[in-house]
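Here is the structure we will look at, set down as structure tokens.
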Amino acid sequence: MGYDMLEQQEEQRRVSTDIAIKAKALRVCEFHGMAFSGDSFGAAERLSLACQIANSMWSAGKIEAGLFASRRDLTDSIKSAIDDHPATGCTFNDCPND
Ligand SMILES: [Zn+2]
């Protein structure tokens with residue numbers, strides 16, 4: 001759909017991060033807007049919820065056609081979006097969220 005490769009990767013990451021946030025697999029610092037995965041308790045359940053949300057969005061045609069090669073590609077991308085965010089919490093100095 002007229003994406004170059006870098007734009008496509010960024011869009012994939014944006015969509016994956018959004019879904020992870022919906023499933024609360026990623027949380028967003030209310031002060032700094034940065035996403036983090038938080039503690040690992042329940043992480044597997046949150047990931048599986050994120051994959052369920054992704055699958056139902058895919059089935060409902062809410063994922064842009066051509067953005068991901070397959071459902072599997074989408075769920076893999078969500079996994080790596082979660083893994084690529086810090087597990088500890090917001091990493092800004094003096095974040096009052098800590
Ligand atoms: Zn913060």
The aspartates and glutamates whose Cα lies under 12 Å from the Cα of residue 24, excluding any fewer than 8 residues away in the same chain, are 39, 45
Rounded to the nearest 20 debye, dipole of the chain from Cβ charges on Lys, Arg, Asp, Glu: 440 debye
How large is log10 I(q)/I(0) at q = 0.10, 0.19, 0.22 Å⁻¹ when the Debye formula is applied to the Cα atoms of the chain, each weighted equally and without solvent? -0.28, -0.88, -1.08
Given the options 70, 82, 36, identify the residue whose Cα lies farthest towards the positive end of the charge dipole of the chain (+1 on Cβ of Lys, Arg; -1 on Cβ of Asp, Glu). 70
Span-like helix ranges in the chain, DSSP H, alpha carbon extent 20 angstrom or more, Kyte mean at least 0.0: 43-59
Within the chain, DSSP-loop chymotrypsin sites (Phe, Trp or Tyr not before Pro) with at most 14 other C-beta atoms within 10 Å are 3, 31, 41, 92
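Every read-out reported here was derived from the displayed coordinates using simple, explicitly stated rules and does not represent laboratory data. Note that the coordinates shown come from a computational prediction; the quantities given were computed from them, not determined experimentally. All Cβ positions, glycine included, derive from the backbone under ideal geometry; neighbour counts span all protein chains shown.
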